[in-house]
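Working notes, structure below.
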Amino acid sequence: MEIQNPLPEIVANITAKHTGVSVEEMRGKSKAHRIVVARLIYAAVCRKIVHPQYYIPYYICKDGATLQYWYDTHSNLYETDIAFALLSDKVQNEFNDKLKSLKDA
């Protein structure tokens, strides 16, 4: 199956830039904290803009059953960990800027 929505790739690349975790690491099997954090942020940024939602885990080679876990964990960390919230906001803001530039082009 080929993904026809370019947004997961854009979000993954922005997430990689800000987290220091490569897209290849996000696609891998590691459960290291820094990689899981990158996946959580990637999923949260994709959540409202990527449709259908199965593209979100598919792009980084994960199964769809993990989506709700990613969303819940992101929400919990965002409320309790200021460093995580700031990092997540950086990714979200850069993505918003990129999306605006694409719309304006």
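Some notes on this structure:
- Contour excess over end-to-end distance, with Cα ends at ASN93 and ASN13 and 0.36 nm allotted per residue: 27.4 nm
- Ordered from highest to lowest accessible area with the whole protein assembly present and a 1.4 Å probe, THR80, THR15 read as THR80, THR15.
- Average Cα contact separation per residue, the chain, under 8 Å, 6 or more apart, as relative contact order %: 30
- Using a probe of 1.4 angstrom and keeping all protein chains present, the accessible surface of the stretch 20-75 works out to 52 square angstrom per residue.
- Projected label distance in nm at GLU24 and TYR54, using a 7 Å step from Cα toward the beta-carbon: 2.9
- Rounded percent of accessible protein surface that carbon and sulfur make up, the chain, 1.4 Å probe: 54
- At q = 0.13, 0.19, 0.21 Å⁻¹, base-10 log of I(q)/I(0) for the stretch 1-89 (Debye sum, equal scatterers on each alpha carbon): -0.36, -0.80, -0.99
- For the chain, excluding the exposed loop sites themselves (trypsin sites (Lys or Arg not before Pro), DSSP loop, at most 12 other Cβ atoms within 10 Å), the longest remaining stretch covers 49-105.
The values are calculated or read from the model by the stated rules, or taken from the named source; none is laboratory data. Quick caveat: nothing in here was measured; it's all calculated off a predicted structure. Here Cβ is always computed from backbone atoms with ideal geometry, including for glycine, and neighbour counts include all displayed protein chains. For accessibility, only protein heavy atoms count, side chains too; no ligands or nucleic acids. Shrake-Rupley method; radii C 1.70, N 1.55, O 1.52, S 1.80 Å.
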